[in-house]
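Read-outs: derived from the displayed coordinates by stated rules, not from any lab. This is a predicted model, so every value here is computed, not measured. Heads up, the Cβs are rebuilt from the backbone with ideal geometry, glycines too, and the neighbour counts pull from every protein chain shown.
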Amino acid sequence: MGHEDCIFCKIVSGDIPSAKVYEDDYVYAFLDISQVTKGHTLIIPKTHTKNIYETPVDTASEFFARVPKVANAIKATYNPIGMNLLNNNEKPADQSVFHLHIHLIPRYGDSDGFSTNWKTHTEEYTNEDLQKIAKEINSSI
């Protein structure tokens, strides 16, 4: 079920304390100690899986089905004006704990301490380019 050297598996087992937000048979949600914004919560599958690439379909189904429940609880409690859901996979994408997790980051305004840098490249791709890329990805499904 878990990996003995995984910090998130140790949180699930109770070996490392956490501020638990929610738990059921499939997921564990707890406050991120960094609290990028108030209510910043991590949700993880209880079954150890490294990242989205290695996640079995049944684990993903149970895991993702519970994300709205936790997100709506944060919304009902703190009334943020929005929420970012963030998932990093592999070190180059800033994954630092190698157990699948989603950050639920409530947003309270431009000065709440969190930002994204979303640079668009719209002008660099024609509709034909987009159709080709979509077809290439689809051929790997």
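Scanning the stretch 1-22 for residues that are free of Cβ contacts under 8 Å to residues at least 12 places away in the same chain and either on the phi > 0 side of the Ramachandran plot or not polar (S, T, N, Q) (or both) yields 4, 5, 10, 14, 15, 16, 17, 20. The residue that is surrounded by the most Cβ atoms within 10 Å (Cβ to Cβ), among those in the stretch 85-141 that are outside any helix (DSSP H, G or I) and basic (Lys, Arg), is 107.
Suppose we keep only residues that are among the small types (Gly, Ala, Ser) and more than 30 Å from residue 110 (Cα to Cα) within the stretch 36-65. Which one would you say is farthest from the chain's Cα centre (by Cα)?
61
Identify all residues within the stretch 11-35 that are surrounded by 17 or more Cβ atoms within 10 Å (Cβ to Cβ) and either more than 14 Å from the chain's Cα centre (by Cα) or of a type in the set (A, V, I, L, M) (or both); write none if there are none. Residues satisfying the conditions are 11, 12, 18, 21, 27, 29.
Selection of the stretch 1-43 for residues being in a helix (DSSP H, G or I) and among the charged types (D, E, K, R) yields only 10.
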